[in-house]
Amino acid sequence: MKSKIAYGGFLILNTLFFCVSHAQNDSIATVKGFINAKSLGVSLTHEHVMSNFGKPSDSTSFYDESRLMKQVVPYLKGLKEMGIHSIFDCTTAYFGRRIDLLEKISDASGVHIITNTGFYGSANDRYIPKFAYQLSPAELAETWTNEFFDGIEGTSVHPGFIKLAFDSGEPSEIDQKLVEAGIITHSKTGLTLAIHTGENIQAAYLTLKLLNEKGVLPNAWIWVHANKVTDDKILLEMAKKGAWISLDGVKADNVEGYVQRLSKFKKHDLLHKVLVSHDGNGFPAGGAIRQFDAIPLHLIPALKNSGFTQSEIDQLLIDNPRKAFMPSIKK
Ligand SMILES: [Zn+2]
């Protein structure tokens, strides 16, 4: 009995220590628990293990589990054999985030999977839950901050980053409110903001302004789908300000364009601000895999052919992801 109590006390102390410390040390939450960010290794920073994108928001959490596992697990095992250690899963709640399935897939494949908190404001807002319109930014931030401190949906799984999104055109009131809530969440948790902004330069500048207003540094923010911007000057300028530039549409047939773009960042001494990924999908609404293996198969060899050193490649695929996503409050 005595040892049981002692053990219980240890557990409580340990948990307390963990809660106080896990936002400040070098750890990041995967779906299997916290790991030291150094263990992330080679990371794909914008993929979808699965999603129900395209389906109505209210059916988002259902998958044909046996088909899903049969399709995704061998694919992730293959990626692991190609040297990929970690995947940042960008499927948010309401378009297909399923913590239990991500856990099973990570278990079966041996790949670290990092999930997110936040809501997806693109796709004409169809995946934003109704209640988000009624809440203030601070109240929304509380929902996401609670996921960080207490775990997601009653599980012991914690989010490793915040995922948000803008539609194209003039940023809408709700998209802006979600980003404001995201910035508050960052200020409390240190979680990085990965914001689907794409070619919407106006939304990118708005993000920068909102960060400034809250005293949060631009390096708390990843400009997701920045590859869709045609003018590299804008991306280089934003990288110089400290923002992370996510070039995340790598495919087998476009690696040459990526090599040219990455060479430009290298020339401007800004390679340390770039993330590369595929925006692939292992189970897109039950369909065939949208591939996310072109980086190991095609981009890395092409970079080597163009004179990129191994340490520059490691910077892109190991160091930058670790630095971009390691939770720390950037004020
Ligand atoms: Zn995506």
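Things worth noting here:
- Screening segment 248-299 for residues that are assigned to a helix (DSSP H, G or I) and within 16 Å of the ligand (Cβ to nearest atom) and picking the one that is farthest from LYS233 (Cα to Cα) gives ALA294.
- Restricting segment 198-231 to residues that are part of a loop (DSSP other than H, G, I, E, B) and not aliphatic (A, V, I, L, M), the residue that is farthest from the ligand (Cβ to nearest atom): GLY215
- Exactly one residue out of GLY154, GLY198 is on the phi > 0 side of the Ramachandran plot and crowded, with 19+ Cβ neighbours inside 10 Å: that is GLY198.
- Extreme residue, least open to solvent (accessible area, probe 1.4 Å), among residues of segment 126-151 that are assigned to a loop (DSSP other than H, G, I, E, B) and aliphatic (A, V, I, L, M): ILE128
- Any chance GLY242 is away from the ligand (no atom under 16 Å from the Cβ) and under 27 Å from ILE184 (Cα atoms): yes
- Reported count of residues in segment 74-125, each being assigned to a helix (DSSP H, G or I) and within 26 Å of ASN320 (Cα to Cα), is 14.
- Hey, GLU47 modelled with pLDDT of 50 or more, at negative phi, surrounded by fewer than 19 Cβ atoms within 10 Å (Cβ to Cβ) and not basic (Lys, Arg) or not: no
- Just one of the listed residues (GLY96, GLY110) is more than 26 Å from LYS130 (Cα to Cα) and of a type in the set (Gly, Ala, Ser), namely GLY110.
The values are calculated or read from the model by the stated rules, or taken from the named source; none is laboratory data. Being a predicted model, the structure only gives us computed values, none of them experimental. Every residue, glycine among them, receives a Cβ derived from its backbone with ideal geometry; neighbour counts consider all protein chains shown. For accessibility, only protein heavy atoms count, side chains too; no ligands or nucleic acids. Shrake-Rupley method; radii C 1.70, N 1.55, O 1.52, S 1.80 Å.
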